[in-house]
Structure formats: structure tokens, C-alpha cells
Amino acid sequence: MWTHLTPRVSYDIKGGMRVCGLEFSSETLQCISQTLKDAPSLSRRSLARCVCERMGWRAANGKPKDTVCRKALEVLNGGGIISLPQSDRTYITDGRAKPKPLSSIQADKITCELGELGDIGLEMVTNRSSKAFKIWKDLMDEHHYLGSGPLCGAQLRYLLSSSTYGYVGAMSFSSASWALRERDKYIGWTEGARRSNLQRIVCNSRFLIVPMLQVRNLASHVLSKSAVQISRDWMDSYGIEPVLLETFVDPRRFCGTSYRAANWVYVGQTSGRRGAQREDGGGPKDIYLYPLSQEWQQILCAQPQIGLGQRARLSETTDWAEEEFGTVELYDPRLRRRLFTVARDFYNQPQEAIPQVCGSHAKTKAAYRFFSNERVTMDVLLRAHTESTIERIQAQEVVLAVQDTTPLNYTTCQTTEGLGPINNAKDAAIGLLLHDTMAFNVDGTPLGLLDVQCWARDPEDRGKRYRRQDLPIEQKESMKWLRSYRAVAEVQKLCPQTMLVSVGDRESDIYELFLEATQAPQGPHLLVRCERSRKRKTTESNLWEEMGRLPVAGMRVVQIPRSGTRPAREAQLEVRFAQVKLKSPKAKKYPSVVVWMVHAREVDFDPEVKSPLEWMLLTTIAVNNFEQACQKLDWYTRRWGIEVYHKTIKSGCKVENRRFGTAEDLEACLAIDMVVAWRIYHLTKLGREVPDAPCTIFFEEAEWKALYMFVNKTPKPPEKEPSLRETIRMVASLGGFLGRKGDGEPGTTTIWRGLQRLEDITSSYLIFCPALESGP
């Protein structure tokens, strides 16, 4: 049996590195170098303990991880990352012969039955200086083809004793192998679960019964007995209860009969990359596993619970891609770098297909492989963006979390697996449904995504809408509104100084949503448009009838944006408000909830207006006067921003033109497109919110210089960078924005068109830049 744990080193220049399972940030490496400079005589063991104390690296039993840390420091030293002092360990030999192996068995060969051995015991070796350790080492060096070591990571050693014959063998257990393809496939865990729960697996790294002893069933008997004892001893020694044992059998030497007899399960072979010609056991090994708990698979597959805002950000960021995706956890720096590259390429050419965006066959192939990687999912990518969004939210007093649903039509992409119907049966369109929650400040500037739900309907589950009264809400698509609210509630915990308000249209008028919001006073508030067909009732009468009897509190003018062929207009609204007590629907028998309602109805409208505006807003925020009622109306108008965002996703980023083999790959690509669409929309609104800010907050030096020179037809850039508003208008002019007196500010359409041209202009500028700067 053989196992080896190669020190895992993952490099990331800005984010530090992971060595032997420990995270070394750039600050930690600088601290270690400074410590070595201040105390050059510090031993490696003392340095490891000092680092563990500073970083809080402790095992489950509370002891410092100084052994693992010392190993990691040696790896860093070997890689030239740090420079450790020379080891002062010296070895003195006096020419004496090596002691002979100690054993109570003196006969050449003993053949007997298991019962004739008497009591079989497992004696744990607790001290390297003890006589037991010497016996264990000598037995292994004498009789085991791998010798006595070295063992990897945490380790326990045992001597096998017989009351009749004395010591009859030895065995050891140590840390599990870092990654095994067949083992990991059998367990079925994710990369995050593996890294979090690998310590719950223990490897039987050595197993020896002295060859002069021939006893049937002895090996399987010892294996069964050791499986019971190792659970207790490992817990006592390391504070971790193992749930699975693993071991490796060299098929050129053994058949694994004893392990099979002890109910160990064969799951496949190792890859054998260490070389099959080695005499010390290199080459492929058979992998055997033995569960120690009935729930071993559930325990090992449990995902680590890392809350929002708990991941370390990059110490330095060079551009927006690293700012938005800097906390992504892909467990591989190569995937992280590829993510940054793909995001930049998508932003530079948002409307182009992936091959055109990437610009080469190699980059295109790498992008598709990136999206098909099982570690790259929509949730993983967008979680990093959400953490960046939280930082922007914390700078606001009020944030509107607007949620809405939009279909993504991929009917022309029949080869994509995992799509479902998005409309009625007659339409026969297929695709995905996207329900997202975008954070806006009260001025309408998008701050980022807080929650994204994407799914495909089951084609076999038709007629569900007609059974909705009999289904619990957990089995309805309406559950999307509650999931979004709960995601916003998690963000609210991290932003105690900001009031978050979950905003939804008439589809979100769900009684369970109000019930959950009123039962969580510290959570986010609600602002929902009431659906007339719901026939909401108060303790007095029908909600709409009750509002009609209230006096008008005042008049309010609201700007209605253009929608399709409907022109933009000003709507004159008469406003009413009141506090009401909503009754639960009869079929659900929930308790009543107290909310405030704001009613706005359009009056004196043009006869050509086919659908005059009428809103009934329900909110958990107190509305005690006309100004507060108007404030809620203004907040609700910000809901249109998410429709602009959906237009940007579909028309600006062309997400419905993406082609992938599976819906999972499509969702991973959609995650990047959604962040790109947010950034375009954010740029559009930011130019109106802070027009005088320098353009360098959004544009790189080469970009704004190339843009200025191209638009103004001049060979020299200005000495001072233009303002953000000026730069945005120049970008929009590349996309068709004329900038006439009555045109207002540019929108997302001209912005994304202009950004696409800006990429080529900047590339040309970088080619000729040296010649331009050197002058004639």
C-alpha cells in the first residue's frame, strides 16, 4: 500500500498563493520576510509556530498547524518565494552497525488458525522516542516493500500484537491523498466540498503482517478491528472524526483479497504518473475505500458554508474584471486568469459571437473549455460580483432591490440540451427563464446583481398552472420571489446602515411574501404593485373599493418612459394613501398582516392613451404623509430600470445568440454577459450622476486618449483627462449618438455600439503610440 501527498502550490500574483492547503497572501509573505530579516537566527520550527499564531492556523483539536506550516515554508523556500536560514540539524554517526529489527517471533515460519494467536491487539505508538516506535520502524524497514516512511500529514502508527507470539505486524494511518479521480468520482463531491471535507478521510498508508506468519483471515480480522479503533484514536489525536478510509494496493504485488474480505470497496485505479517502472511501488494502484459512517457520502459532499463578504479580495486590482470577479473561488489560478480574460473580451465587443470576441482559435477553444468546466457555474461567478455589489450598497442610505423575470429564447438552438418551454404550448418556444434582482440607488444607478435564478421548465410538466391552487408555494414558480427576498435579506445583514427595499411588479403580489417580510422586522422592506385580480381584502372590504373612498392627498406628475410604439409622456396622478390590515386568502388561513398602501390614478390624460396609469402599491414602510407617499411612487418608477437592463442583456450582449451544447454551459456564459450588461448600464447612468468626475474611474489611459484623438481628429491627446460625461458622449458618438440639443443624454444602445468600436480604435492607438509619443 502506497500513497503520496504532493505539496499543492497555487500561485496568484495579486491574491497570494495556496501552499499545502494554507493561504499565503502577499501581506503574509512580506511579514515572513520581515521576520526573517529582524531575527535571522530564528529556527524553522519557531518561525512556523510564529506564523501559525499570527494567522490563527489551528487544527480542530486547537493545536497550531506548525508541522504543515513548516512544510509549506520549505516549499516556498524551494520555489525562491522566501529565503529560510540554513537548517542547523547535524547527524553524528559513530560507525556502529544498524540495530537488528526487534520481533518476538524467532521461528522461520508459523502456520496456525486465527484462534491460536490468542488476543489480537492494536498498540498505538505515541512517542517517536519510545521503544514501540523503534520496533514499528524496524519491522517496516525489514519486511515492508515501502519501508517505514515518510508518511504524509497527520499520522498514527500501530503495532499488532498476539498474546501467544508477541508482535506480529504493524500498520499506519495518515492524511488522505489530495486528489484521486476515481475516488472523487465515487464520492461525488464538488471541488469546494473536497477541499473542505478531505480531512474526514484517512489513508491506511502501511499494513504489514510479518511474512513468517501464515494465518488465514488474520489480515481481514485486523483491518476490521483497526477500522473501529482508528475512529476513536484519530478523533482524540486531531479532533476530527473520520468517515471514510482509503488505501492503495499495488496490483503487481497483491490482489487485495484481505481488503475485499474486510468489506473494503474497490473503486478504480490511480493514474500512476510517478512512473510504472519504479521498484518501490510506483505505477497505477488499486484504490479501496471503507465507510466508517452510514452518512459518509452526505457528510463528505456537504458544501462549505462561506457567507457573503467572507472571501478575501485581491489586495490590488488592475481593472474592472478583477474588481467584479476578484473573490471568485475556482480553486485554480489558471481558471481565474481565464475568467478575467474572457470578461474583458466580452466587454470590449459585447455584441459579437465568441469566436470574434476571442480573436483567435486558441482563445476561442480556451473560452469554451472554460465554460464547460464543472467548477465554472453561474452561481460561483455571480457570487463574486454580488460581493462587489455589497461594497457599493454600503455607501448608500437607501437601495432598491428590483426583481423581475424575463424569458431567454433559444428556439433556433435545438442542439442545446436542458432547455424547456418558455411560453404556451401553441408557441412552442424553448429556452431558459431568468429571474434576477438588481440593486439601484434612489437616482436609478444600477449597483449590481444581488440574486439570479435561471431554470428550464420541464416539458412533461404541462398544465401546472391549472393545479396551482392545490400546490404548496415551494412547488410553484412563485417561489422565485421569496428566494430573491431571502437573498436580499442576507445582504441586509451585511449592510445595517442601509435600508434595502425589495421592489416587484404585480406578479410579486404574493401573500407569503408580505407574511415573511412582516415577520422579519430587521430584514429588507417590501414595495409591491398590487394585482387587481388577486382581490385583496382588508378587515373592512375589498382593498380597491376602500381606496376609492379615501380623499385625494395631492397630485403628482410622473414621467412615463417610451415603451415599444408607445411614446413617452407625463402622467398627472391623484394620490391616496392609508394603513390597512390585509386578510389572508381563504384557502391558506395565514395570519393578517399590516401594510401601507399608496394608490395613484392618472387623470386628465389624452384620449389617445389606451391604458391610463393606475397603481396600487403595498409597502411595509410607514407612509404617514403625502411626501412619503410620493417618495414610494418615485421609488417604484425605478423598477423600469430592470427592464432597461434586460434589454441591454438581450440586444446589447446578444445572449440569445450564444450557442452551447448544454444549458449549464450556457448559464455560465450568461453570468459573464450579465455582469458586462450591468457595467454598460452602470456607465450610462454614472455619467449622469457624477458627470464631472474624471474619466479615469472607468476608462484606461490608452482608451480615453485614443478616443479623444479619434473623435477630435487630432494627433495629440489633451494634457488633462476629460470628464466622465464628455468621455461617455464621445463613446456614444461612435455608436450613432448625435448629441443635439434635444437629444438628452446617450442611452445604453449607443454606448454598447460605441464600446465595440472603441476596442479597435484603442488597439490601433497602441500599435502607433510609440511613434506618436516620440514625435518627428
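The values are calculated or read from the model by the stated rules, or taken from the named source; none is laboratory data. As the structure is a computational prediction, the values presented were derived from the model and not from experiment. Every residue, glycine as well, gets a Cβ built from its backbone with ideal geometry; the counts of neighbours run over all protein chains shown. To get the accessible areas, we keep the full protein, side chains included, count just its heavy atoms, and leave off ligands, DNA and RNA. Shrake-Rupley method; radii C 1.70, N 1.55, O 1.52, S 1.80 Å.
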Of V399, A302, A154, which is farthest towards the positive pole of the chain's charge dipole, taken about the Cα centre with +1 and -1 on the beta-carbons of Lys, Arg and Asp, Glu respectively? A154
What value, in deg cm²/dmol to 500, does the helix sum -39500 (n - 2.57) over DSSP H runs of n ≥ 4 give at 222 nm once divided by the residues of the chain? -11000 deg cm²/dmol
Accessible area in the full protein assembly, largest first, 1.4 Å probe, for S723, S502: S723, S502
Could you pull out every one of the lysines with an alpha carbon less than 26 Å from that of K713, ignoring same-chain neighbours closer than 8 positions? K705, K741
Cα principal axis extents for the chain, largest first, Å: 112, 84, 53
Can you tell me the relative contact order of the chain? Whole percent, Cα pairs under 8 Å, sequence separation 6 or more. 8 percent
Looking at Q572, G554, N542, which one has the Cα that reaches farthest to the positive end of the dipole of segment 524-619 (charges on Cβ: Lys, Arg +1; Asp, Glu -1)? N542
Using a Förster distance of 22 Å, how high is the FRET efficiency between I299 and R260, based on the Cβ-Cβ distance and rounded to 0.05? 0.35
Please list, ordered by chain and number, the residues whose modelled amide H lies under 5 Å from the amide H of I621; skip anything fewer than 5 residues away on the same chain. L526, W596
Packing-based order for 171-180, 193-202, 686-695, using average beta carbon neighbours within 10 Å, highest first: 171-180, 193-202, 686-695
Express the accessible area of the chain per residue in Å², computed with a 1.4 Å probe while the remaining protein chains stay in the model. 50 Å²
Counting only residues 5 or more apart in sequence or on a different chain, those whose built amide H sits under 5 Å from that of T662 are E417
What distance in nm separates the simple spin-label points at A702 and K586, each placed 7 Å from Cα in the Cβ direction? 7.0 nm
For a protection proxy built on the mean count of beta-carbon atoms within 10 angstrom, sort 454-461, 367-374 highest first, please. 367-374, 454-461
Based on the Cβ-Cβ distance of D443 and I240, what FRET efficiency does E = 1/(1 + (r/R0)^6) give at R0 = 56 Å, to the nearest 0.05? 0.60
Kindly provide the GluC sites (Glu not before Pro) of segment 194-302 that DSSP labels as loop, not H, G, I, E or B, and whose Cβ sees at most 11 other Cβ atoms within 10 Å. E279, E295
Just going by the charge dipole of segment 601-646, with Lys and Arg at +1 and Asp and Glu at -1 on Cβ, which of F605, T619, T637 is farthest out on the positive end? T619
Could you give the size of the charge dipole of the chain about its Cα centre, using +1 on the Cβ of each K and R and -1 on the Cβ of each D and E, expressed in debye and rounded to the nearest 20? 1060 debye
Take peptides 662-672, 76-86, 439-449 and line them up by average Cβ neighbours within 10 Å, highest first, as a rough protection proxy. 662-672, 439-449, 76-86
Computed FRET value (nearest 0.05) for R232 with T364, which takes r as the C-beta separation and R₀ as 51 Å: 0.40
Stokes-Einstein D for segment 141-274 (37 °C, 0.692 mPa s, Kirkwood Rh from Cα pairs), in µm²/s, comes to 205 µm²/s
Excluding residues fewer than 8 positions from K71 in its own chain, the aspartates and glutamates with Cα under 19 Å of it are E23, E53, D88
How much of the accessible area of segment 129-203, probe 1.4 Å, is carbon plus sulfur, in whole percent? 48 percent
Mind checking which lysines have their C-alpha under 28 Å from K476, skipping anything on the same chain fewer than 8 residues away? K426, K464, K493, K535, K537, K581, K583, K586, K588, K589, K647, K650
Residue span Q579 to T415: 0.36 nm per residue of separation minus Cα-Cα distance leaves a gain in nm of 53.7 nm
